[in-house]
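This report concerns only the one structure given below.
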Amino acid sequence: MAQKNKLQFIILGLLNQQPLTGYDLTKAFEHEIGEFWQAQHSQVYPQLKRLEAQGYITHEITISGEKLEKKLYHIAPAGQAALTTWITAGTPELTATKDEFILKLYFVRTNRDPRLPEMLTEQLHLHQDKLDHLQQRLTTVFPTKASQAENFGHYLILQHALGRETDYVTWLKQTLAALPK
């Protein structure tokens, strides 16, 4: 399996937790996984076909309601092995984030640019909302030490996201306060 296609490993990881439909997998990107990785329906379903063709996953047909057939995907032993290899392998490269706001800031030439206050304020609201959401998720998903220990990796990711957003909000507030009046 190619190392650059991370989506395949996300799908394998989710299926390693429990069997899921393609719809369930797509929905995962609207919740916890979506906090740090994005994928669309148009990416998930072709990836499922490739993984099944490679023997990494299998599916069974289930019936929902009276007639609706759904494919319920399961990870195969070869998929578990590939997932284990990927998790175990080092991650020696840092990847740049694709933050359009930061890219726009790069091209602002002076701290007196009249667009800056509005740009920074918009981002402050967005990142404060994200921080509030993450704090709520922490309370909801990990209310106890036991729940943190049971899903420790997920807990660490949420802690990381909270730190990132806290720092971003602090930076935006400081930057806004430092603009010339």
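The values are calculated or read from the model by the stated rules, or taken from the named source; none is laboratory data. This is a predicted model, so every value here is computed, not measured. All Cβ positions, glycine included, derive from the backbone under ideal geometry; neighbour counts span all protein chains shown. In case anyone asks, the SASA skips ligands and DNA or RNA and just uses the protein heavy atoms, side chains included. Shrake-Rupley method; radii C 1.70, N 1.55, O 1.52, S 1.80 Å.
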Segment 47-73: number of residues that are in a loop (DSSP other than H, G, I, E, B), at pLDDT 95 or above and surrounded by fewer than 17 Cβ atoms within 10 Å (Cβ to Cβ) | 2
May I ask you to list the residues in segment 12-36 that are in a loop (DSSP other than H, G, I, E, B) and either surrounded by fewer than 15 Cβ atoms within 10 Å (Cβ to Cβ) or of a type in the set (S, T, N, Q) (or both)?
-> Gln18, Glu30, His31, Phe36
In the set Ala39, Ala76, the lone residue that is open to solvent by less than 100 Å² (accessible area, probe 1.4 Å) and within 30 Å of Gln123 (Cβ to Cβ) is Ala39
Which numbered condition trips up Thr91, out of (1) free of Cβ contacts under 8 Å to residues at least 24 places away in the same chain; (2) among the hydroxyl-bearing types (Ser, Thr, Tyr); (3) open to solvent by less than 80 Å² (accessible area, probe 1.4 Å)?
-> (3)
Kindly state which helices (runs of 4 or more DSSP H) lie completely within segment 84-181 and contain at least 1 residues that are modelled with pLDDT under 95, under 20 Å from Gln38 (Cβ atoms) and among the hydrophobic types (A, V, I, L, M, F, W, C).
-> 100-106, 116-141, 152-178
If we keep only residues of segment 126-154 that are open to solvent by less than 40 Å² (accessible area, probe 1.4 Å) and free of Cβ contacts under 8 Å to residues at least 24 places away in the same chain, then the residue nearest to Phe101 (Cα to Cα) is Phe142
Enumeration of residues in segment 99-125 that are open to solvent by 100 Å² or more (accessible area, probe 1.4 Å) and touching a residue at least 12 places away in the same chain (Cβ under 8 Å) | Lys104, Arg112
